[in-house]
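Written below as structure tokens is the structure these notes are about.
The values are calculated or read from the model by the stated rules, or taken from the named source; none is laboratory data. Computed from a predicted model, the values in this text were never measured in an experiment. Cβ: placed from backbone, ideal geometry, glycine included. Neighbour counts: every protein chain shown. Just the protein is used for accessible areas: all its heavy atoms, side chains included, with ligands, DNA and RNA removed. Shrake-Rupley method; radii C 1.70, N 1.55, O 1.52, S 1.80 Å.
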Amino acid sequence: MKLAKFFAGCLMVLAGSAVAAAQPVPATSESAHSDLRVRLLGTGSPLPQTFRFGPSTLIEAGNQKFLFDAGRGVIQRLYSFGIPFNDVDKLFLTHLHSDHTIGIPDLYLTGWLRGRNHPLHVWGPVGTRNLMDELAKAYSFDIKIRLDHNPGSKVETTEFTAGVIYDHDGVKITAFPVDHGEAKPAFGFRIDYKGHRVVLSGDTRYSQEVIKQAKGADLLVHEVAAASDKLMKTSPKIPRILGIHTSPEDAGRVFTQAAPRMAVYSHIVLFGVTEKELEARTRKTYSGPLTIGEDLMTFDIGDKITVSRTQPKE
């Protein structure tokens, strides 16, 4: 236990150094709320890490809440933020890999158990409707007993292709294609609100489309994957995994060309590489503001971008 705490502390220090390099305005409380807020619920990979849960990002625009992907632990992270589960009823999926969808049953079922009395709305690529229909069948016993006549047990699914997929109350969400190898289709998202823009890369290799959508964005949240030279040579699986993701050097090239106000790493996949090394490799191709994302990190976007952290609840 002591050793685990030691390593967790080391990771916090390393991540903190990366945030400092970005020169954001620090926040010590939740009082820095802005009209556009980005919360990193999970910044990890398929690995069952406890300090980085599965990929998931919550964006709050005014009074609206939008969840992008639902990785492992999404409900626990919402709980730590003090966000009522029934308030989160709009879910957007980048693609259908399990690490991005495994938290959906918890969001879906616990959401209506804790008060959601209207359908869960899910937007995703082709295959999403089948996923949600079969999920409802899988839990039909529970649904029948608990909330057979409650609309909160319903799901409304929209399958999309590239283009504007949501445009209401000043919030416009655009889906754009990215290259995640054999995982097709796969998308990133651009969120526009009151003259501000956030771009989520989704899972992708180096992508000109990400650069195009993120030019001049306030925040670009981008995936990254890296491995040590030793593991690249000795493990046949790791080169295949890294081949469908973005290296730190390539991510740096994306950041340099897109020039967001702040670049943020999430969905961080590291094999034998420290976060300090991750930052150093990124700095070979990028010198601008950079934050290595952490679970429960919040970005308030306005004239300044304010970064704050929330402690997980027991």
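Can you give the FRET efficiency for Ala259 and Tyr79, using 1/(1 + (r/R0)^6), R0 = 30 Å, r = Cβ-Cβ distance, to the nearest 0.05?
Values: r = 36 Å, r/R0 = 1.20.
Efficiency computed from Cβ-Cβ geometry: 0.25.
Label reach from Glu156 (point 7 Å along Cα→C-beta): in the stretch 173-207, amide nitrogens under 20 Å belong to 173-175. Along the stretch 191-200 the Karplus relation, 6.51 cos²θ - 1.76 cosθ + 1.60 evaluated at θ = phi - 60°, assigns HN-Hα couplings of 10, 10, 7, 6, x, 10, 9, 10, 10, 10 Hz to successive residues, with x for each Gly and Pro. Heavy atoms of the protein chains alone define the surface here; on that basis the chain has 45 Å² accessible area per residue at 1.4 Å probe size.
Would you kindly state how much longer the chain becomes between Arg146 and Leu47 on full extension, computed as 0.36 nm times their sequence separation minus their alpha carbon distance, in nm to one decimal? Mind showing how you got there, number by number?
Details: separation 99, 0.36 × 99 = 35.64 nm, distance 3.29 nm.
Full extension of this stretch gives 32.4 nm more.
Return the single residue from Arg77, Arg240, Arg52 with maximal mean-square fluctuation; model: Gaussian network over the chain, springs between Cα atoms under 10 Å. Looking only at Arg77, Arg240, Arg52, the biggest GNM fluctuation is shown by Arg240.
How big is D, in µm² s⁻¹, for the stretch 104-169 by Stokes-Einstein at 4 °C and 1.567 mPa s if Rh is the Kirkwood radius over C-alpha pairs? Let's see the in-between values first.
Working: Rh = 12.7 Å.
So the translational diffusion coefficient is about 102 µm²/s.
For the chain, averaging the sequence separation of C-alpha pairs within contact (under 8 Å, six or more residues apart) and dividing by the residue count gives a relative contact order of 21 percent. Computed extension length for His168-Lys212: 13.5 nm, one decimal, from 0.36 nm per residue of separation with the Cα-Cα distance subtracted. When the Gaussian network model of the chain links Cα atoms closer than 10 Å, the mean-square fluctuations of Pro151, Pro48, Pro236 top out at Pro236.
Could you tell me how far the Cα centroid of the stretch 63-142 sits from the Cα centroid of the stretch 231-275, in Å? So the separation of the two Cα centres works out to 27 Å. Evaluated with a Cβ-only charge set (Lys, Arg +1; Asp, Glu -1), the chain carries a dipole of roughly 560 debye about its Cα centre, given to the nearest 20.
Projecting label points 7 angstrom from Cα along Cα→Cβ for Asp303 and Glu249 puts them 4.2 nm apart. Of all alpha-carbon pairs in the stretch 243-314, indicate the percentage at a distance above 20 angstrom. So the portion of pairs separated by more than 20 Å is 37 percent.
In straight-distance terms, cross-link reach from Lys304 covers every one of the lysines whose alpha-carbon lies under 24 Å from its own, apart from those fewer than eight places away in the same chain; here that gives Lys65, Lys172, Lys194, Lys212, Lys215.
Can you tell me the FRET efficiency between Leu113 and Ser228 if r is taken as the Cβ-Cβ distance and R0 is 41 Å, rounded to the nearest 0.05? Kindly include the intermediate steps, with their values, before the conclusion.
Working: r = 44 Å, r/R0 = 1.07.
Taking R0 as 41 Å, the efficiency between Leu113 and Ser228 is 0.40.
Report in % the part of the accessible area of the chain that belongs to carbon and sulfur, leaving out ligands and nucleic acids; probe 1.4 Å.
Details: 7760 of 14100 Å².
Carbon and sulfur: 55 percent of the exposed surface of the chain.
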